[in-house]
Number of protein chains: 2
Amino acid sequence: MEQTTRSKIIGAADALFYEHGLRSVSVDAIAERAGVTKRTLYYHFESKDALIAAYLAARDRPTVERYRDWLGDDGRPLPDRIVAMFAALASFAERPKWRGCGFTRAAVELAGQPGHPAVVMAADHKARFENWLAGELANGGVADAAAVGRQVMILLEGAIALMLVHRDTSYAVAAGEAAAALVSSALPETSTRAVEAVS
Amino acid sequence: MEQTTRSKIIGAADALFYEHGLRSVSVDAIAERAGVTKRTLYYHFESKDALIAAYLAARDRPTVERYRDWLGDDGRPLPDRIVAMFAALASFAERPKWRGCGFTRAAVELAGQPGHPAVVMAADHKARFENWLAGELANGGVADAAAVGRQVMILLEGAIALMLVHRDTSYAVAAGEAAAALVSSALPETSTRAVEAVS
DNA sequence: GTCTATACACAGATAGAC
DNA sequence: GTCTATCTGTGTATAGAC
């Protein structure tokens, strides 16, 4: 079955690329971890760049699903759900193998090659994620959901970067409080009180 | 003068490391750009890793000074100064050669090697920057300046990451508005009303 | 589709003359 | 302090058998 071999290779690429980065991981290492030879790998993927693109493509859906779970269902007050999402991220980042966002890291490592497929995929992933976030806020009754969604997105991204640099997951909690304050301010009734409560 | 040769090498390293990243730039390329041979480079620096560390060390002060300029002097209302800082960042990021924060990018690219000197330097730089930011907020009368400073720091970091991914500098403006809102909420009532009266 | 074996370029780092 | 020349490992990718 070609499917099995291909997915084994992508699984090995995911483990190594995410842990060590793109350029520092060799095709040999991926092939070895996947339990195939390099020649087999090149039968399934045209080049290392193609494998990088496949690695990110496989990460797209699980990443979005994870945040969807963290945000939870409609029902609770929106600021609480936002805080919960950031708290879950903080908990997730406690894991020793956590290394930040694979998409952002790929875009950063390939910042010198703006046309690279992986960079394009990262931008697309982030745009769709921001769009989803804005939609959730709009459903929750937030005024100007696009603008607030973008601010929450920025807080998410910044928290991930600083958690990676400092290995301190409290940044996600701090970001969650800020996000909840901004969201509360954009909700119809409780705006002023909620912001002051956080500060 | 040894100083001249050494600084020429660091200058070449800065240009290439910042533009293309760490691993994708060879020592040969840096030596060539500096106008020296590889052997001379290795006379001044023990290894490529040492050169990377020197590259970041040289970037530390100019980076902080730039933000200090952008925030401006005491006198204007603090939220206005915050907005101005983010606006200046947006303008700075318009330049074609802009590639985000060299410290964060180094930490991201070396995320697989937590003990690497460059990672340690990046964390130290970010910690001192956050400290400076909190100090400025405290001087401006912000309550709980440490917590708000951290939130502003997260917004800064997130805006830089997303500007790099999307090549859209409006993220810094959006982050600046969020930061100003959070700062305003942490100011005494009198200061907040003074801001509104001026604008 | 998967293997063994290998081509070819380039990486980081060093030897030793001057 | 700077040079020419080189060592040695590793990188991506390919040839051709089975």
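The values are calculated or read from the model by the stated rules, or taken from the named source; none is laboratory data. If you're wondering where the values come from, they're calculated on a predicted model, not measured in any experiment. All Cβ positions, even for glycine, are placed from backbone atoms using ideal geometry, and neighbour counts span all protein chains on display. In case anyone asks, the SASA skips ligands and DNA or RNA and just uses the protein heavy atoms, side chains included. Shrake-Rupley method; radii C 1.70, N 1.55, O 1.52, S 1.80 Å.
Things to note:
- Surrounding net charge for residue A:127, when Lys and Arg each add one and Asp and Glu each subtract one, Cβ distance under 14 Å: -1
- DSSP-assigned coil residues among trypsin sites (Lys or Arg not before Pro) in region A:19-53, each with at most 10 further Cβ atoms within 10 Å: none
- Sorted largest first by accessible area at a 1.4 angstrom probe radius, with every protein chain in place, the residues A:19, A:189 fall in the order A:189, A:19.
- Computed from Cα positions, the angle between helix A:78-92 and the longest principal axis of chain A comes to roughly 40 degrees.
- Mean sequence separation of contacting Cα pairs (under 8 Å, at least six apart), scaled by the length of chain A, corresponds to a relative contact order of 20 percent.
- For residue A:69, solvent-accessible area (1.4 Å; no DNA, RNA or ligand), Å²: 120 Å²
- Each Cα pair under 8 Å and six or more residues apart adds its separation to the average, and for region B:1-45 the resulting relative contact order is 38 percent.
- Residue mean of other protein chain beta carbons inside 10 Å, B:162-172: 5
- For the protein assembly as shown, lysine pairs separated by 8 or more sequence positions, or belonging to different chains, with Cα-Cα distances below 24 Å total 16.
- Packing here is the average count of other Cβ atoms within 10 Å per residue, and on that basis the peptides B:97-107, B:126-136, highest first, run B:97-107, B:126-136.
- Summing Cβ point charges (Lys, Arg +1; Asp, Glu -1) relative to the Cα centre of region B:115-164 gives a dipole of roughly 60 debye.
- Between identical copies, the spacing of residue A:68 label points, each set 7 Å from Cα toward the C-beta atom, reads 4.9 nm from nearest to farthest.
- Inter-centroid distance (Cα atoms) of region A:40-112 relative to region B:5-64, Å: 33 Å
- Note on B:174-183: average number of Cβ atoms from other chains within 10 Å of each residue's Cβ is 5.
- Whether region A:74-199 is rounded, prolate or oblate, judged on the alpha carbon gyration tensor where a/c under 1.5 counts as rounded: oblate
- Estimated FRET transfer efficiency when R0 is 41 angstrom, pair residue A:5-residue B:32 (beta carbons, to 0.05): 0.45
- Between residue A:50 and residue B:40, the modelled labels are 4.4 nm apart [label points 7 Å from Cα along Cα→Cβ].
- Inter-part distance, region B:162-176 to region A:132-148, computed on C-alpha centroids, equals 19 Å.
- Accessible surface, the protein assembly as shown, averaged per residue in Å² (probe 1.4 Å): 45 Å²
- The long axis of helix B:117-139 is offset from the longest Cα principal axis of chain B by roughly 20 degrees.
- Distance in nm between pseudo-label sites at residue A:76 and residue A:97 (7 Å out along the Cβ direction from Cα): 2.7 nm
- Among the residues of B:143-151, the average count of other protein chain beta-carbon atoms within 10 Å of the residue beta-carbon is 4.
- Calculated FRET efficiency for the pair residue A:69/residue B:173, C-beta based, R₀ 45 Å, to 0.05: 0.90
- Dipole size of the protein assembly as shown about its Cα centre, with +1 on Lys/Arg Cβ and -1 on Asp/Glu Cβ: approximately 1300 debye, rounded to the nearest 20.
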